[in-house]
Amino acid sequence: MNPKFPSTRLRRTRQHDWSRRMVQETRVSVDDLIWPIFICDGKNIEQPVASMPGVSRLSVDKAVKAAKSAAEIGIPCIALFPSTQPERRSVNGDEALNADNLINTALAAIKEAVPEIGLLADVALDPYTSHGQDGLLENGTILNDATVDVLVQQAVIQAQAGADIIAPSDMMDGRVGAIRKKLDEAGFSHVQIMAYAAKYASAFYGPFRDAVGSTGVLSGDKKTYQMDAANRLEAIREVSLDIDEGADSVMIKPGMPYLDIIREIKDTFGVPTFAYQVSGEYAMILAASQNGWLDKESIMMESLMSFKRAGADGILTYFAYEIAKKLNE
């Protein structure tokens, strides 16, 4: 087939809205969305995150209300992240194993009030350590195997609290297999693992650290365990290992700067693949729209379309609630 102009005119199908809709190759639906929310201490609290306009830390009671609203508009899953008070942080992140910590309390409360919505729980130590690293620190080195032992316990406690998906974001070697084994032994073979399989050491995480209270806490960087932004083939190796260890789905983080990785992972493995539109991506879109440089609604939708076009099955995005409302219209 060798179509040529003028017999072939690709603009024909672009002339009308109805025609463009008929030939549209990629679609975003409410079912694609996971909504990350931040949990804080207190009651009836909404604390705006300065670097993420429109996003607030929510006390557990407010998080329950948010989950109810999310379920009503069809969002299938929410992801929970704690804003841990400095006095509850420690060198070894002991608060991560507190069955009554913020995340576990929120998981239990939401699961009781809104059992129909999926709950994703982040597994890592950085919200709980006084040094802000994702693992146990000894003489400036992150201890891999000792950290995995703690993450396994954290995962089981979160499953007991009501987590439907355990999402290890720490990037320690071997943690997916260890978590899968211990979840199964504890009677949670039905609980999914969504592995942060290719998580890059990115500058796009800054506003997130504001939201969870880690700004100014982090000692050093995370380059010894998070991936180098220059590496593509390494992402394939990371994902392959996590799948072999029992991951049900994988995540690429950040999102838009790594669309090529999303496409490669999806084409290579064909497993459920998720993208995280991280805090820095969200903040850039909001800042540009607030300055009148970009149309927020158009960019918001176009950005999600790019994830789907690249092969993502779903997207974690702080726009999830707003987008779901728009799609429902």
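Rule-based calculations on the coordinates, nothing more; no lab input. All of these numbers come straight from a predicted model, not from anything done at the bench. Glycine also receives a Cβ, built like all others from the backbone with ideal geometry; neighbour counts cover every protein chain displayed.
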Added length on full extension, which subtracts the Cα-Cα distance from 0.36 nm per residue, V91 to S56: 9.9 nm
Contour minus Cα-Cα distance for D184 and A146 (0.36 nm per residue): 11.6 nm
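What FRET efficiency comes out for the pair R232/M301, r = Cβ-Cβ distance, R0 = 22 Å, nearest 0.05?
The formula returns an efficiency of 0.20 here.
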Region 37-175: Cα Rg divided by the 2.2 N^0.38 Å rule of thumb: 1.05
Where labels lie 7 Å past Cα in the beta-carbon direction, separation of D221 and L10 in nm: 4.0
Greater than 18 Å apart at Cα, pairs in K68/K325; K62/K199; K253/K308; K111/K326; K65/K325; K65/K326: K62/K199; K111/K326; K65/K326
Of all DSSP beta bridges in the chain, antiparallel share, percent nearest 5: 15
Alpha-carbon Debye profile of region 205-291, log10 I(q)/I(0) at 0.12, 0.13, 0.15 Å⁻¹: -0.46, -0.53, -0.69
Mean separation of Cα contacts under 8 Å (6+ apart) over length of region 28-328, as relative contact order %: 19
Cα-derived Rg over Rh, computed across region 263-318 with Rh taken as Kirkwood radius: 1.07
Largest-first ellipsoid semi-axes for region 103-189, taking √(5λ) over the Cα gyration tensor eigenvalues, angstrom: 25, 15, 9
Mean shadow area of region 180-329 over all directions, Cα convex hull, nm²: 11.2
Under 5 Å, built H, 5+ apart or other chain: amide partners of A198: M251, K253
Scaled radius of gyration (Cα, divided by 2.2 N^0.38 Å) that region 28-328 gives: 0.92
